[in-house]
Amino acid sequence: MTAPIVRDLAALRALSEPWVRAGSSIGVVPTMGALHDGHLSLVAAAKERCDHVIVTIFVNPKQFNTPEDLANYPRTEDEDARKLERFEVDAIYVPDGDVMYPAGFATTVSVAGLTDVMDGIHRPGHFEGVATVVAKLFTQSRATDAFFGEKDFQQLQVVRRMARDLDIPITVHGCPTIREMDGLAMSSRNLLLSDRARAKAPILFEEMEKIAQGLVSGAPFADLHAAALRRLAASDFTKTEYLELRANDDLCLLDAPTRPARLFAASWLAGVRMIDNIAVEA
Ligand code: PAF
């Protein structure tokens, strides 16, 4: 069954009003479209937990660093709606740009600390754009629960902090990264890879796994890191922005998994910025 596509806030409010009055749970799955199995796993988690589910599709201009990146971002609304059919969600919210950011829009949500590292440095302004749009999607949808992928782990932590700090009454659920058979983390940006680059793409995950295993057997992080950078550079990854071990909760830099930690990477492959992260056993 095709879910209703809602493009304006009044219609979204009219739809959710009876659910709110009845005290039902409402799950929101924020996306920028180009849906893949990773997104669909979030929808499945929302369906399992919540009485009603809203999937949002909005390619948020405020979180892109260049006009080219925004223009190139895949847009596949009809296909996305088809992929959602089997989940029988209650609504697909596809707001127009001026619904999200009407003339005179002047507010930015900025989360300090967690955004001072990794993508916060390499993508200036990105997390302000994310936090601003997600705060709006939370209040617009009046959701009780929100579902995000651990693939964007730093984003997940930023969103959690933002919701807590702004007293938005919502539970933010992090869901595991979904991978292709060869280990590549699913991402809408994978659609931008050439065949040659797609064949090389799993090397990032392979190298991260090697570091994680090396750490478990007590090898020094610096040696593992240097070996991974060498293989990435020899495999068409033109620039690795970061390959770092960080604590799960506050994203502090570590050189050994002395507390719950993850390995985070961002590296450019044939003009496409690939990011990934994996848990590292203590
Ligand atoms: O992860 C994404 O797709 C986006 O950053 C999000 C959370 C939908 C906000 O635009």
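Among the residues of segment 46-72 satisfying the criterion of being among the polar types (S, T, N, Q) and outside any helix (DSSP H, G or I), which is nearest to the ligand (Cβ to nearest atom)?
Looking at residues that are among the polar types (S, T, N, Q) and outside any helix (DSSP H, G or I), I get ASN60.
In segment 88-120, how many residues are in contact (Cβ under 8 Å) with a residue 60 or more places away in the chain and farther than 19 Å from LYS151 by Cβ?
Qualifying residue count for the region: 11.
Taking the options SER235, SER188, SER194, SER267, name whichever one is modelled with pLDDT under 95, of a type outside the set (Val, Ile, Thr) and either under 18 Å from the mean Cα position of the chain (by Cα) or more than 16 Å from the ligand (Cβ to nearest atom) (or both).
Among SER235, SER188, SER194, SER267, only SER188 is modelled with pLDDT under 95, of a type outside the set (Val, Ile, Thr) and either under 18 Å from the mean Cα position of the chain (by Cα) or more than 16 Å from the ligand (Cβ to nearest atom) (or both).
Tell me which residues, restricted to segment 144-185, are more than 12 Å from the ligand (Cβ to nearest atom), charged (D, E, K, R) and more than 13 Å from VAL111 (Cβ to Cβ).
Across segment 144-185, the qualifying residues are ASP145, ASP167, ARG179, GLU180, ASP182.
Restricting the search to segment 232-277, which residues are small (Gly, Ala, Ser) and surrounded by fewer than 15 Cβ atoms within 10 Å (Cβ to Cβ)?
Passing the criteria: ALA233, ALA234, ALA256, GLY271.
Please find, among LEU229, LEU224, the residue that is in contact with a strand residue (DSSP E or B) (Cβ under 8 Å, 6 or more places away or on another chain) and either more than 24 Å from LEU114 (Cβ to Cβ) or not small (Gly, Ala, Ser) (or both).
That would be LEU229, the only listed residue that is in contact with a strand residue (DSSP E or B) (Cβ under 8 Å, 6 or more places away or on another chain) and either more than 24 Å from LEU114 (Cβ to Cβ) or not small (Gly, Ala, Ser) (or both).
Considering only segment 31-40, state which residues are part of a helix (DSSP H, G or I), within 24 Å of ALA135 (Cβ to Cβ) and either out of contact with any Gly (no Cβ under 6 Å at 6 or more places or on another chain) or among the basic types (Lys, Arg) (or both).
If the condition is that a residue be part of a helix (DSSP H, G or I), within 24 Å of ALA135 (Cβ to Cβ) and either out of contact with any Gly (no Cβ under 6 Å at 6 or more places or on another chain) or among the basic types (Lys, Arg) (or both), then HIS39 is the only one that fits.
Here is a check on your reading of the model: is GLY183 closer than 19 Å to GLY129 by Cα, modelled with pLDDT of 95 or more and among the small types (Gly, Ala, Ser)?
Against the criterion (closer than 19 Å to GLY129 by Cα, modelled with pLDDT of 95 or more and among the small types (Gly, Ala, Ser)), GLY183 does not qualify.
Select from segment 70-92 the residues that are within 18 Å of ALA44 (Cβ to Cβ), surrounded by 14 or more Cβ atoms within 10 Å (Cβ to Cβ) and of a type in the set (D, E, K, R) and list them in ascending order.
Across segment 70-92, the qualifying residues are ASP80, LYS83, ASP90.
Taking LYS210 and the conditions (1) farther than 29 Å from ASP69 by Cβ; (2) surrounded by fewer than 15 Cβ atoms within 10 Å (Cβ to Cβ), which numbered condition does it fall short on, given that it satisfies the others?
For LYS210, the failing item is (2).
Can you say whether PHE105 is aromatic (Phe, Trp, Tyr), within 12 Å of the ligand (Cβ to nearest atom) and out of contact with any Gly (no Cβ under 6 Å at 6 or more places or on another chain), as far as the supplied structure shows?
Considered against the rule, which asks whether it is aromatic (Phe, Trp, Tyr), within 12 Å of the ligand (Cβ to nearest atom) and out of contact with any Gly (no Cβ under 6 Å at 6 or more places or on another chain), PHE105 comes out as no.
Which one of these is closer than 26 Å to THR240 by Cα and modelled with pLDDT of 95 or more: VAL29, VAL111?
VAL111
For residues that are in a helix (DSSP H, G or I) and within 24 Å of TYR73 (Cα to Cα), tally how many sit in segment 165-198.
The first filter runs over segment 165-198 and keeps only residues in a helix (DSSP H, G or I), leaving 165, 188-192, 195-198.
Retained after the next criterion (residues that are within 24 Å of TYR73 (Cα to Cα)): 188-192, 195-198.
So the count comes out to 9.
Conditions tested, residue by residue: (1) β-branched (Val, Ile, Thr); (2) not in a helix (DSSP H, G or I).
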| site | (1), (2) |
| --- | --- |
| PRO74 | no, yes |
| ASP80 | no, no |
| GLU85 | no, no |
| THR132 | yes, no |
| ASP152 | no, no |
| ALA163 | no, no |
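The values are calculated or read from the model by the stated rules, or taken from the named source; none is laboratory data. It should be emphasised that the depicted structure is a prediction, and the values quoted were computed from it without experimental measurement. Note that each Cβ is placed from the backbone with ideal geometry, even for glycine, and that neighbours are counted across all protein chains shown.
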